[in-house]
Amino acid sequence: MDTGATSTEGLGSTAASVRLADRFEVRPGAPLPELSSPLAPAFYAVDVRGMGRSVFALAAPRHLALRDETLLAVRRLERAYVIRPLEWGGVDWPAPDGGQLQQPIIVLERPGGGRVMPPGGQAAPMGEDVVIRRVLRPVANALRDLHSAGVAHRGIRPDNLFWREGSGSEVVLGEAWSSPPGFDQPALYETIPHGMADPAGRGWGRTTDDLYSLGATIAVLLNGGSPVALDDRAIIAAKIAQGSFAVLAGSLRLSAQMTEVLRGLLSDNPRDRWTLDDLELWFDGRRLSPKAPSLPVQAVRPVTFAGTDYWSRPALAHGLATRWSQATAFLADAGIGNWLRRSMGDERRGTQAESVAAEGGDGRTGPDRQLARMLMILDPGAPLRYRDISANVEALGSVLAHSLDRSEIVQQFAQIVAHRLMHYWVDAQEDFRPEHALVRKAADMMSFFLVRTNAGFGIERCLYETNPGLPCRSPLLEREYVTSLKDLLPALNRVAQHAGPTADLIDRHVAAFIGARLGGSGDAELARFSAAPTAHERCIGLLRVLATVQANVGMTELPALGDWVAAQLTPLIDSFHHAPFKEALTREIGPLCSRNDFAGIVRLVEDDDLRERDRLGFEAARKTYARLAAEAQWIRGGGLTETGRVLELARQAAAIAAGTVAALTCAATVVFTAI
């Protein structure tokens, strides 16, 4: 998308506004809190092309990636059952310190009415007929369109439904694209596995997850608010013990018709949950018979932990995971393998649990690794859980991106990779899916990069490889929003205008960003740059990295970056020896820096003939210097006044004089005789 922005005058006032894609004007000084999303405040916007539709803008979180593929897919939808994005990209935005920064903006269609229910609030209970006509049908149509586009919504809840034209009309689905999938959802509206995960770690999800959220939303609308007064952890525990339908709709007075649809949508087993086709049959009057709730198998006797009795594997796993420090100590003497065998009759899992327990928990992180693996045995369908992290394996990178400023989360992410917990999670799954092979591949990739600590690799490379649209998180670029290589060089050029010649523009984040966005094709250059043994070889490595990026994006108008590069080349120039040659080389490199021809500088300084000519010139100068130095030393040592040398020179002078006199005498005699 277009990331350029130009400042323009306000909409009929003196308030400044910014323009996106030369079409939409957004006013930073005009917030619209009634349209804001949890991570993205809303602002007044207008379509300057006058297309006759109302719009608004969301300022998306700068530390996360815009979901370009999802935004593109949703924009193509033709039916108006979802608030569609119209344009997105970076604009110049006022910073808190009075300066400017690049801010990602999403411009969307504006609904005609307000929210169906305020965030976290209550409203008058809806009747079943109203729910079916104004909510269930239009949302089902929206999910059908999204499913056809290959997209899950992942943000269905009462406060994200808007009246299309005002109270009493049909609803439209609000946006869910300004944050990671499922991030804004309270656990009440998420399936049990997604509700267990950190908000940033819930993953893309599927249409079946949206259908569950729709069922939870219907239950809340019928009740006029949440039917339970529990925190997220307690809600998950209740769903595990009783089933989602009992927790969300068990206290409601429902018709047989509504009971049928809610039982189908709120099934905790995805294989039993209703599909869009099932819902369509129900709309047409076909009565289906949802399967009975599939509650976890109960043990003969419970495991008691932290004062609570746990009667099932998922319930025990949830209790252990939410009290991690207590659980690691408990695990050593818990005898979970024996409990699985005797109380659950599960010989296979009992053997697995005993095998994990026998490995011990040696080392500082050994008990954490052991507990993480035990949780996979107890509840393989749950997210990967490790200390403060709980995430679906495909969303671990999103957790890292969201919590990059928390050193403990970064460290735990690295430990998950080092302990091969993603591999263990895949091995624990009862139903192998094709995406599991991709999880293994991603885990191997992260392990490969993590053990390489040079710039361009390490945890930073894992960050950008697992988040393809993530902006570069380098502190140097904190005011920029760089999501692609074509944005990187202009941003570095702007930074170079103020950073000074001593700044390190290719820091670990920039190097890793380059490596990830080049798809590995620049790894050899990055390794050469970061592992250079000498200052002049590091200069060459820097030039080669910049030349590789430049070849990929083709940008040459970078004057400040060219000046910065010129200031870095002193060690390279000094690696040549012949002074006249160095002066000539400096004169030749100057114009190349001015033209930002980084590849040209590399070709020049890596020319073998150039190095040979410098060597020969330097060797000749060294020999001349040595000869002159020896003569000077000889003179200083009295070489010209030494007695023997003086007598010898005198004899030579006398002989020459005598010869000269004799020659003159002969010449005179000949002349005289001739006369």
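The values are calculated or read from the model by the stated rules, or taken from the named source; none is laboratory data. All values derive from a computational prediction rather than experimental measurement. All Cβ positions, even for glycine, are placed from backbone atoms using ideal geometry, and neighbour counts span all protein chains on display. The protein model used for the area step is the full one, side chains on, heavy atoms only, and it has no ligands, DNA or RNA in it. Shrake-Rupley method; radii C 1.70, N 1.55, O 1.52, S 1.80 Å.
Overview of results
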| item | result |
| --- | --- |
| Computed FRET value (nearest 0.05) for residue 531 with residue 54, which takes r as the C-beta separation and R₀ as 45 Å | 0.20 |
| Whole-Hz ³J(HN,Hα) from phi, Karplus 6.51 cos²θ - 1.76 cosθ + 1.60, for region 216-223, glycine and proline x | 5, 5, 4, 4, 5, 5, 5, 8 |
| Phi to ³J(HN,Hα) by Karplus 6.51 cos²θ - 1.76 cosθ + 1.60 over region 445-455, Hz, x for Gly, Pro | 4, 5, 4, 4, 6, 5, 7, 9, 8, 5, 4 |
| Rounded accessible area of residue 374 (nearest 10 Å², 1.4 Å probe) | 10 Å² |
| Distant-in-sequence amide H partners of residue 384 (H built 1.01 Å from N, under 5 Å) | 391, 392, 393 |
| Angle in degrees between helix 643-674 and the longest Cα principal axis of the chain, rounded to the nearest 10 | 50 degrees |
| Heavy atoms of residue 75 accessible to a 1.4 Å probe, total area in Å² rounded to 10 | 70 Å² |
| P(r) of region 14-116 over all Cα-Cα pairs, binned every 10 Å from zero, in whole percent | 14, 50, 31, 5, 0 |
| The chain, relative contact order in percent, only Cα pairs under 8 angstrom and at least six apart counted | 8 percent |
| For region 477-603: rounded, prolate or oblate by the Cα gyration tensor [a/c cutoff 1.5] | prolate |
| Solvent exposure, largest accessible area first (probe 1.4 Å, DNA, RNA and ligands not counted), of 570, 483, 453 | 453, 570, 483 |
| Over region 206-256, equivalent-ellipsoid semi-axes from the Cα gyration tensor in Å | 16, 15, 11 |
| Ranking by accessible area, most exposed first, for 291, 582, 239, 486 with a 1.4 Å probe | 291, 486, 582, 239 |
| Long-range amide H partners of residue 37 with built H, under 5 Å | 42 |
| Eligible aspartates and glutamates near residue 582 by straight Cα distance, threshold 15 Å, same-chain separation 8 or greater | 574, 606, 607, 609, 612, 614, 619 |
| Inter-label distance for residue 206 and residue 16, nm, one decimal - labels placed 7 Å from Cα along Cα-to-Cβ | 4.9 nm |
| GluC sites (Glu not before Pro) within region 52-96, DSSP loop, no more than 16 other Cβ atoms inside 10 Å | 78 |
| Principal-axis tilt of helix 579-594 within the chain, Cα atoms, nearest 10 degrees | 30 degrees |
| Residues with amide H under 5 Å from that of residue 116, placed H, sequence gap 5 or more | 161, 162, 163 |
| Sequence ranges 283-290, 455-462, ranked by mean other-Cβ count within 10 angstrom, highest first | 455-462, 283-290 |
| Within the accessible area of the chain (1.4 Å probe), percent carbon and sulfur | 54 percent |
| Semi-axes of the equivalent ellipsoid for the chain, Cα gyration tensor, largest first, Å | 75, 35, 17 |
| 1.4 Å probe accessible area per residue over the chain, in Å² | 46 Å² |
| Computed lengthening from residue 497 to residue 563, 0.36 nm per intervening residue step minus Cα-Cα distance | 22.9 nm |
| The chain: calculated mean residue ellipticity at 222 nm from DSSP helix runs of at least 4, using -39500 (n - 2.57) | -15000 deg cm²/dmol |
| Helix axis angle, 366-378 relative to the chain longest principal axis, alpha carbon, degrees | 40 degrees |
| Solvent exposure, largest accessible area first (probe 1.4 Å, DNA, RNA and ligands not counted), of 44, 212 | 44, 212 |
| Within straight-line cross-link reach of residue 441, aspartates and glutamates at Cα separation under 15 Å, skipping those fewer than 8 residues along the same chain | 394, 427, 465 |
| Residue 149 paired with residue 584, simple spin-label distance in nm, labels 7 Å along Cα-to-beta-carbon | 6.4 nm |
| Length added when fully stretched, residue 553-residue 408, from 0.36 nm per residue minus Cα-Cα | 48.6 nm |
| Gain on full stretching of the segment that runs from residue 441 to residue 130 - 0.36 nm per residue minus C-alpha separation | 107.1 nm |
| Label-point gap, in nm, between residue 362 and residue 78 - each point 7 angstrom along Cα→Cβ | 6.6 nm |
| Student exercise, the chain dipole from Lys, Arg, Asp, Glu Cβ charges, in Debye to nearest 20 | 520 debye |
| Calculated from backbone phi, Karplus (6.51, -1.76, 1.60) coupling profile of region 397-409 in Hz, x at Gly/Pro | x, 5, 4, 4, 5, 6, 10, 4, 7, 9, 4, 5, 5 |
| Cα gyration tensor, region 397-540 - rounded (a/c under 1.5), prolate or oblate | prolate |
| At R0 = 41 Å, FRET efficiency that the Cβ-Cβ distance of residue 169 and residue 234 yields, to 0.05 | 0.70 |
| Rounded if a/c under 1.5, otherwise prolate or oblate - region 270-403, Cα gyration tensor axes | oblate |
